Amino acid sequence: MGKRVLLLGLGMQGKAALYDLASCPGVSRIVVVDSRPDLSVSLGRYPSGKITGRILDAADEASLALLMRDADVIVEALPATFALPMGRLAADCSASLVSSMYYLNPGEQDAEKVQSIKGQMRKIDQMAKGKGIVILTEFGLDPGLDLILGARALSELDEVHKFHSYGAGIPSRNARANPLQYKFSWSIIGVMKAYRRPARIITGARTVNIDADRVFEPGNCHILDLEEIGVPLECFPNGDSVRYADLFGIRDSVREMGRYTCRLPGHCAFWNMMVKCGFLDEQPIRIGEVCASPVEFTASLLGSQEQFHYADDEQDMTFIRVDVHGMRRGKETRIIHQLIDTRDLETGFTSMQRTVGFTLSLGARLILEGKLAKPGLLTPLDVPYESVIPRLEKHNIRVVRQEIPPAG
């Protein structure tokens, strides 16, 4: 008997995940849940034999629970606010789930809320372990593939001194004709909120805290100039590197560590002004007779303009680079793992859809195949490199490894 998949959300990443899952011979039925009234039209491009749609609001947990209990695995591709509630509901329903989202938002600065979320995560982990199911989170591009590549590089060293990782979703050369040289390949409000969160890096073996309104300042950004990209990239701190140093088990040895997001030149200066002028604040303000937060206004304003969306013949590029320095057998060694991908114009899927959506669907397959070694609330660090990267190559998503020998 074939496996049953429940896909929550048919947005940009959900569409790519569905495309991949529909071709999986081991999956006999896929139920797609979305609130859009034209769901049946959206499903028209997929094989009809195994796919059905249900128009539901993600807030209707009672109806979702009925569907979850009938699924072998759930692929959660909803907006970020639904990620943790869906994980909790799946655990309640004894159903395994995969999501590309953080459960603990790196931008959350309310200490009480952070503790509450951590408590909920512990409960989900306990329930999942008790029921023998998997709740796999952060399983996309960044976070996701970057962590898998990072773990791979670290496994090749005896001691780690420097760890720098980079992630980017940027327009290819034929899609940069707007004032920002940027187009949106995932949630616009998600991009805006990611631009308004604090960061932590490690410099000289010490933790450096960077306030949310200083992330784009020149002193916190640097340039990465690679021949493969063809243009210098501006890199700004992305979230909490110290947390990942702890998760990787390198906190005691690493002296320099940072996770960075990359954009085309001019991006940091523009968004530094926007942040400092309050355009990304979340506290609602009154605009005439309407109340809205500045970040919602900014996202809506940019999202309403075609110049910030990809045309059918335009390509985006995704980029992951993990650059690790350390010791191996007594010698200094530097290892780099790098992924560069572009939009597939034949299928129409953007590179962001490919690297996030196809990774999501692969996570579901690994769960269905019983390839994950333990139950519980898991991250990409619990998933072997060999189970992921070689299997993404069927989509021409490839990783290049480079080892730079010690000087002399």
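The values are calculated or read from the model by the stated rules, or taken from the named source; none is laboratory data. Fair warning: this is a prediction, and the values are worked out from it, not measured in the lab. Cβ: placed from backbone, ideal geometry, glycine included. Neighbour counts: every protein chain shown.
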Practice task
Being within 19 Å of the chain's Cα centre (by Cα), part of a strand (DSSP E or B) and not charged (D, E, K, R) is the filter here, so list the residues in segment 186-221 that pass it.
Solution key: Ala199
Practice task
Would you mind finding the one in Gly370, Gly376 that is in contact (Cβ under 8 Å) with a residue 12 or more places away in the chain and either surrounded by 12 or more Cβ atoms within 10 Å (Cβ to Cβ) or out of contact with any helix residue (DSSP H, G or I) (no Cβ under 9 Å at 6 or more places or on another chain) (or both)?
Solution key: Gly376
Problem - Filter pass, Ile223 being in contact with a Ser or Thr (Cβ under 7 Å, 6 or more places away or on another chain), β-branched (Val, Ile, Thr), free of Cβ contacts under 8 Å to residues at least 60 places away in the same chain and within 26 Å of Ile340 (Cα to Cα) - result: no
Practice task
Search segment 93-106 for residues being without any contact (Cβ under 8 Å) to a residue 40 or more places away in the chain and within 19 Å of Leu366 (Cα to Cα), and hand back the single one that is surrounded by the fewest Cβ atoms within 10 Å (Cβ to Cβ).
Solution key: Ser94
Practice task
Pick out the one residue from Leu84, Leu64 that is within 23 Å of the chain's Cα centre (by Cα), outside the structural domain of Ile210 (by TED's automatic domain parsing), more than 18 Å from Ala17 (Cα to Cα) and crowded, with 19+ Cβ neighbours inside 10 Å.
Solution key: Leu84
Practice task
Report whether or not Ile201 is among the aliphatic types (A, V, I, L, M), buried (at least 20 other Cβ atoms within 10 Å of the Cβ) and either under 14 Å from His164 (Cβ atoms) or out of contact with any Pro (no Cβ under 7 Å at 6 or more places or on another chain) (or both).
Solution key: yes
Exercise for the section: Look at segment 40-92 and say how many of its residues are in a loop (DSSP other than H, G, I, E, B), over 30 Å from Ala194 (Cα atoms), in contact (Cβ under 8 Å) with a residue 12 or more places away in the chain and not hydroxyl-bearing (Ser, Thr, Tyr). Expected result: 6
Exercise for the section: Confirm whether Val208 is free of Cβ contacts under 8 Å to residues at least 12 places away in the same chain and among the β-branched types (Val, Ile, Thr). Expected result: yes
Fill in the blank from the handout: For segment 345-367 the number of residues that are surrounded by fewer than 19 Cβ atoms within 10 Å (Cβ to Cβ) and in contact (Cβ under 8 Å) with a residue 40 or more places away in the chain is 1
Practice task
Restricting attention to segment 110-135, report how many residues are on the phi < 0 side of the Ramachandran plot, in contact with a Pro (Cβ under 7 Å, 6 or more places away or on another chain) and assigned to a loop (DSSP other than H, G, I, E, B).
Solution key: 1
Problem - Top-ranked residue in segment 211-238 [being of a type in the set (A, V, I, L, M, F, W, C) and surrounded by 17 or more Cβ atoms within 10 Å (Cβ to Cβ); ranked as farthest from His267 (Cα to Cα)] - result: Ile229
Practice task
Kindly list the number of the only condition in (1) in contact with an Asp or Glu (Cβ under 7 Å, 6 or more places away or on another chain); (2) farther than 17 Å from Ala151 by Cβ that fails for Gln315.
Solution key: (1)
Practice task
Give the residue that is farthest from Leu43 (Cα to Cα), with candidates limited to residues of segment 1-32 that are touching a residue at least 60 places away in the same chain (Cβ under 8 Å) and basic (Lys, Arg).
Solution key: Lys3
Problem - Single residue of Lys371, Lys394 found to be modelled with pLDDT under 95 and assigned to a helix (DSSP H, G or I) - result: Lys394
Exercise for the section: Could you look through segment 26-39, keep only residues that are in a strand (DSSP E or B) and of a type in the set (D, E, K, R), and pick out the one that is surrounded by the fewest Cβ atoms within 10 Å (Cβ to Cβ)? Expected result: Arg29
Practice task
Go through segment 239-328 and tell me which helices (runs of 4 or more DSSP H), entirely inside it, have 1 or more residues that are of a type in the set (Lys, Arg), surrounded by 13 or more Cβ atoms within 10 Å (Cβ to Cβ) and modelled with pLDDT of 95 or more.
Solution key: 267-276
Handout entry: Residue count for segment 156-169, restricted to those that are out of contact with any Ser or Thr (no Cβ under 7 Å at 6 or more places or on another chain) and either over 18 Å from Ile320 (Cα atoms) or buried (at least 23 other Cβ atoms within 10 Å of the Cβ) (or both)
Key = 4
Handout entry: Thr333 being among the hydroxyl-bearing types (Ser, Thr, Tyr), part of a helix (DSSP H, G or I), over 20 Å from the mean Cα position of the chain (by Cα) and surrounded by 14 or more Cβ atoms within 10 Å (Cβ to Cβ)
Key = no
